[in-house]
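Data first, discussion second: the structure below is written as structure tokens.
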Amino acid sequence: MSRARTARRIAAGAAYGGGGLGLVGVAAVGLVLAEMQFAKRTVGSGLPDPPRADGLYGSEFGGPEQSPGPLRLGMLGDSTAAGLGVRRARQTPAALLASGLAAVAERPVELRNVAVSGAMSDDLDRQVGLLLDGPAGEGAPAPDVCVIMIGANDVTRRMPPTQSVRCLTSAVRRLRLAGAEVVVGTCPDLGTIEPVYQPLRWVARRVSRQLAAAQTIGVVALGARTVSMGDLLGPEFAANPREMFGPDSYHPSAEGYATAAMAVLPTLCAALGLWPESDRLDVSRDEDMLLVAKAASAAAGQAGTEVTAARGPWALLKHRRRRRVPGEELPESATASATGVSGPA
């Protein structure tokens, strides 16, 4: 069965109940789980808790009191979104994206990161609640845009893919109804992770890419955009693993997170109408207009690819030019909490 057809079945099952990968898929995920549990004897061990980077970025463009005020950026997801593996808050993907967004918009960006190391998609409902209701439940202004990175733990802990996609789409729907633009970094390609050995790497790659494609089908229908994480760090890791991945050979290093942020930043800015490239088809960049399922399948196999809804059942497959995310000193609020954690592991 093709990846597009399988992803379509998963997304349909998430929307209407039932469906999924079937017995073969369940068995494959079981094999991946066994391998990953063995690999996790080293994964994450000895890593510090991810630092908090909440605060105001781009303060040189004006303070919170200046009209129209800062853009509000929310970050949700798992350890990749939280930044597990780096010691400085400004090295986390959320901080990098906030700095990049502020530079492109020439406007301050207020960041709030509610991602949790070890989170699966069923934790997104709680995370969305924190963003929309505030920590004390008193209500908070909705973010202008949110980035979600989720999926790897769903695979390794055998969450049914239909449930995974259902939880993700529910979270995206709540954010969209609140008025936020949403960008989803889809499930990474677990076949590129060094602790996963052959012959199960191809199984891990197949299952994670199927989930990534199904995630895209589900959220694009709600007006969100996706960016394929795929094997984004694969080529760089093969060439220089010590720089792209952290000590556990599983979570990215600071340079790895910067690479991921560079892939997401153009789509993040485009969602707010801030990117110089339009949402039109650019054939010179090997872009295409495809049925949503086919676009989702193609994106899952090519890291850094954006999928956004077009007309009817069609979606635009885009390869935006990446821009190096600017470095920035931590805002005072983030510096004060840099030794904190973003949630339980």
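With contacts taken as Cα pairs under 8 Å at a separation of at least 6 residues, segment 81-122 carries a relative contact order of 39 percent. Gain on full extension, evaluated as 0.36 nm per residue between W202 and A178 minus their Cα-Cα distance, stands at 4.7 nm. For segment 47-119, the relative contact order comes to 48 percent (Cα pairs under 8 Å, sequence separation of at least 6). Note on R52: accessible area approximately 70 square angstrom, rounded to 10, probe 1.4 Å, nucleic acids and ligands left out. Fully extending the segment from E60 to R322, taken as 0.36 nm per residue of separation minus the present Cα-Cα distance, adds 92.0 nm.
Approximating the spin labels as points 7 Å out from Cα along Cα→Cβ, the R5-to-R157 distance works out to 3.3 nm.
Per-peptide packing, taken as the mean over residues of other Cβ atoms within 10 Å, places 143-150, 177-184, 290-297 in the sequence 143-150, 290-297, 177-184 from highest down.
The values are calculated or read from the model by the stated rules, or taken from the named source; none is laboratory data. These numbers were taken from a predicted model, which means no experiment stands behind them. Positions of Cβ are backbone-derived with ideal geometry, glycine not excepted, and every protein chain shown enters the neighbour counts. In case anyone asks, the SASA skips ligands and DNA or RNA and just uses the protein heavy atoms, side chains included. Shrake-Rupley method; radii C 1.70, N 1.55, O 1.52, S 1.80 Å.
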